Amino acid sequence: MSLKEIEYEFWGEKFSFPTLALFTLSFIVGIIGGAYGIGGGAIIAPFIVAVFGLPTYTIAGATLMGTFLTSIVGVIYYTHLGFPPNWTLGILLGIGGIFGMYFGARFQKYMPEKGIRVLLGLLIVSLSLRYILQFFI
């Protein structure tokens, strides 16, 4: 492990990624997440899998931690700007998310990684098409 590249082992395989490239990707996703009010995990995870070739199983926890941290900072910053969150909506989303994360983590081991990649890809493409169509309509 160095500042240039981080390497780790998972299921007997070694994986690595360039630190600066991941930081740059995180920065760009942070800008998008800040503008749209999202933590960014759903955006960054497919890129990490596709671009850096890291297995979904190893990035799930890391992207959740990143989303958690950016979400906390986002709430603080938006409150500071005079736009406090709707706490009722936030708590309901949080409760649903907690249950969803529990079941998602449980089911992940039964779903092949290729299936997870296809599902994430379809989700990103469908959301992208929806945003593009909204622009023209």
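No value in this document is a laboratory result; all are computed from the given coordinates. Keep in mind that this is a model prediction, so the values were computed, not measured. Note: ideal-geometry Cβ built from the backbone for every residue, glycine included; neighbour counts use all protein chains shown.
Largest mean-square fluctuation among 78, 110, 36, in a Gaussian network model of the chain whose springs join Cα atoms under 10 Å apart, belongs to 110. Using a cutoff of 8 angstrom between alpha carbon atoms and counting only pairs six or more residues apart, the relative contact order for the chain works out to 18 percent. Mean residue ellipticity, 222 nm, helices only, the chain: the sum of -39500 (n - 2.57) across DSSP H runs of n ≥ 4, divided by residue count and rounded to 500, is -25500 deg cm²/dmol. For the chain, leaving out every one of the trypsin sites (Lys or Arg not before Pro) that falls in a DSSP loop and has at most 10 other Cβ atoms within 10 Å, the longest unbroken run is 5-108. Helix 41-52 and the long axis of the chain differ in direction by around 30°, with both axes built from C-alpha atoms. Between the Cα long axis of helix 113-136 and the first principal axis of the chain there is an angle of about 40°, rounded to the nearest 10. Springs join every pair of Cα atoms under 10 Å in this Gaussian network model of the chain, and among 89, 25, 123 the largest mean-square fluctuation is at 89. In this simple spin-label model, placing a label point 7 Å from the Cα along the Cα-to-Cβ direction at both residue 8 and residue 137 gives a separation of 4.0 nm.
Based on the Kirkwood radius over alpha-carbon pairs, what is the Stokes-Einstein translational diffusion coefficient of region 6-125 at 4 °C with 1.567 mPa s viscosity, in µm²/s?
On the way: Rh = 15.8 Å.
Diffusion coefficient, whole number: 82 µm²/s.
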